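Taking it in order: structure first as C-alpha cells, then the write-up.
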Amino acid sequence: MSIIHLTDLHTHYDETVYEGHRRETLLTQQKNGVCAIVNSGSDVPSSQRSVALAAEYDFVWASVGVFPLSAYTVPEGWLAEIESLAKQPRVVAIGEIGLDYRLPDTDAEKQKAVFHPQLQLARRLGLPVVIHDCLADEDVLQALRDCPVPAMIHRFFSGLKYGRQFVEMGVSLGIGPAITYPDAGELIALVKEMPIELLLLETDCPFLPTQRYEGKPATSDMLDEVVEIIARTRGDITPQEVAEVAKQNAERFLSVQF
Ligand SMILES: [Zn+2]
C-alpha cells in the first residue's frame, strides 16, 4: 500500500534540473502521496523563486533566506529584501540560513553576520527557521541560545552527540534520504531514541536522492522509503503513522494546516 500525507519540509524545485518538466514533476509528487512541499531559498533570487512557486501551487509553501555559502556575496539591502519576501503570503519560515564550515576558506564571522540578523528577523516576525548546519554545531547551538526561535536543522547529519543537544533544546530535525545510505548508523540510532514530535521529513531535493536513485535528482515521493526505514527503526509505529505524525509536527512547526 502506498503512503499518503507525506510532507517535504525542505526542497529546491526552482533548480534548473527541473526545467521543462517542473509542473509535471510537482503534480506527480501530489499524485504519489505528497500533500505539502516547502520550497526553500538560499539567496535572494532563489527566495523570490520560492515565493513565486508557492503562489502557483496550493500544496507548495515557501521559506526565504540567505544561506552561509551565499553570505560572502550578499547584495546591498539583502536583509530588507528577505524581510519583505517573508511577509508575502504562503511564506512559512526563514531559511535556509545557517553556518557551513566545510571549506578551507571559510570566514565564520562573515557567515555569522548574515545568519544572526536572520535569526533576529525570524524572532521579530514570529516565524520558525530552517537551519543549514555543516560542521558548525557548536556555533549553531550558541546562536540559538542567544536568539531562541523555533528551529529545524535541515538534512540533519551531525551524529548522536549534537543530535541529542539539539533535541534537548526542542529543535526539530529534518530526516530524509540520508537515512538510506550505509553510513547512516548514528542517524538511525538518533531516530530510534529522539522524541518523535521533533521529527520532520525532507529531501533537500534535487540534491539528496535515496541510495537506490543515487545520481538522479531527488523528488519528494522518495520519502516513502524514508518513512519505512523510520518505522522499522522505531519498531512501534507503521510507515503511514510516521507520515501522519511528521505532518502534524510540520503543521505545528510552521503554523499552517496542510
Ligand atoms: Zn537546501
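Laboratory data are not the source of any read-out in this text; all were calculated from the coordinates shown. The structure presented is a predicted model; accordingly, all values stated were derived computationally and were not measured. Cβ coordinates were reconstructed from backbone atoms using ideal geometry, including for glycine residues, and neighbour counts include every protein chain displayed.
What the table below lists for this structure:
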item	result
Computed log₁₀ I(q)/I(0) - Debye formula, equal Cα scatterers, no solvent, the chain, q 0.15, 0.17 Å⁻¹	-1.04, -1.36
Ranking of H116, H21 by count of other Cβ atoms within 10 Å, fewest first	H21, H116
Per-residue ³J(HN,Hα) for region 129-140, Karplus 6.51 cos²θ - 1.76 cosθ + 1.60, θ = phi - 60°, Hz, x for Gly and Pro	10, 10, 9, 9, 10, 10, 6, 10, 4, 4, 6, 5
Region 109-258: C-alpha gyration tensor shape, a/c 1.5 cut-off, then a/b vs b/c	prolate
Region 199-250 shape via C-alpha gyration tensor axes, a/c threshold 1.5	oblate
